[in-house]
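To start, I am sharing the structure in question, which I have written as structure tokens.
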Amino acid sequence: MNIKYIVVFVSVIFAFSNTVLFSQFNDRRLSIGINGVYTTSAKIYLNPDSPDPVIRNTSFEITDIFDPAIDIRYRIADEIIIGIGTEYMKTSSGGENLTVTYGNLTENIDVTDGFLLIPIEFSGYYILPFSTEKFKFLMGGGAAYYYGKHVRKFGDASISTVDRQFAYGIQVSISMDYLIRNDITLHSEMKFRDPQFKVKSAYANQQINYNGHTIFVEQKTFDSKINVDGVTFIIGVSFLF
């Protein structure tokens, strides 16, 4: 996944395209979109500060992530649109990710690890010159702030976030809108981004009831790093005003 190749590709198309002027989105300027989002993969690093590079770079992968999203866009010129959007991404999966002790035994147990991510993305879009009256092709990009936390469930464990790293990033997108009515469009988009953030979480109690046993977790607090590194696909409906 390399953003610069997308930028070069779209720039070449723009350079060799003849500009044909249409009434963009029937002269409507404001749109509100309700979308479904699919992200191919994300990684959770459970020991991001380990001095051992192998342990530090070992990750727990989650695939096929679905979540809802909303965005608001405003056309400030014939070919230029600005927008703000957010989504609610919450996902988890099981694995033997935790070492605990009970009695004289030490073993890895199954826990459900995941994360919550709420991005706030500020974007600008350019309507590409080969767009038509019905089909609008856009290239977009911008900056984002990411709020997130680690989610972990097993037994009667309760965890909370005690420290969160400020996280921000950039994104690039290519999208197409099809006007099915004068005031409604069908929206599709492919987005490239790479949000990552570190969090410190803490157990409410280091003694936890798990499958009829009282187990002990050695560290009351633990660090983790979340990296949503997959490609994002979006489809939805936008209402024009």
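The values are calculated or read from the model by the stated rules, or taken from the named source; none is laboratory data. Note that the structure is a prediction, hence the values are computed from the model and not measured. Neighbour counts are summed over all protein chains in view; Cβ atoms, including those assigned to glycine, are modelled from backbone coordinates with ideal geometry.
Being aromatic (Phe, Trp, Tyr) and in contact (Cβ under 8 Å) with a residue 40 or more places away in the chain: is that true of Phe166 here?
No.
For Ser201, are the conditions met, namely being in contact with a Gly (Cβ under 8 Å, 6 or more places away or on another chain), in a strand (DSSP E or B) and hydroxyl-bearing (Ser, Thr, Tyr)?
When the stated conditions are applied, Ser201 does not pass them.
Quick check: anything in the stretch 170-186 within 13 Å of the chain's Cα centre (by Cα) and outside any strand (DSSP E or B)?
Within the stretch 170-186 (the criterion being within 13 Å of the chain's Cα centre (by Cα) and outside any strand (DSSP E or B)), the answer is no, since none of the residues qualifies.
Oh, and also: Just to be sure before I move on: is Lys136 of a type in the set (Lys, Arg) and within 17 Å of the chain's Cα centre (by Cα) in the structure I sent?
Against the criterion (of a type in the set (Lys, Arg) and within 17 Å of the chain's Cα centre (by Cα)), Lys136 does not qualify.
Which condition does Ile180 not pass, out of (1) of a type outside the set (Ser, Thr, Tyr); (2) more than 30 Å from Val231 (Cβ to Cβ); (3) surrounded by fewer than 18 Cβ atoms within 10 Å (Cβ to Cβ); (4) out of contact with any helix residue (DSSP H, G or I) (no Cβ under 7 Å at 6 or more places or on another chain), if it passes all the others?
Ile180 satisfies every listed condition except (2).
From the residues in the stretch 47-72 that are more than 19 Å from the chain's Cα centre (by Cα) and in contact (Cβ under 8 Å) with a residue 12 or more places away in the chain, which one is surrounded by the most Cβ atoms within 10 Å (Cβ to Cβ)?
Only one residue tops the list, namely Pro48.
Now for a separate question. When Asn18 is evaluated against the numbered criteria (1) loosely packed, with under 12 Cβ neighbours inside 10 Å; (2) at pLDDT 90 or above, which criterion, by number, is the only one it fails?
Single failed check for Asn18: (2).
In addition: If you take the residues of the stretch 124-151 that are loosely packed, with under 15 Cβ neighbours inside 10 Å and of a type in the set (Phe, Trp, Tyr), which of them is nearest to Tyr74 (Cα to Cα)?
Among residues in the stretch 124-151 that are loosely packed, with under 15 Cβ neighbours inside 10 Å and of a type in the set (Phe, Trp, Tyr), the one nearest to Tyr74 (Cα to Cα) is Phe135.
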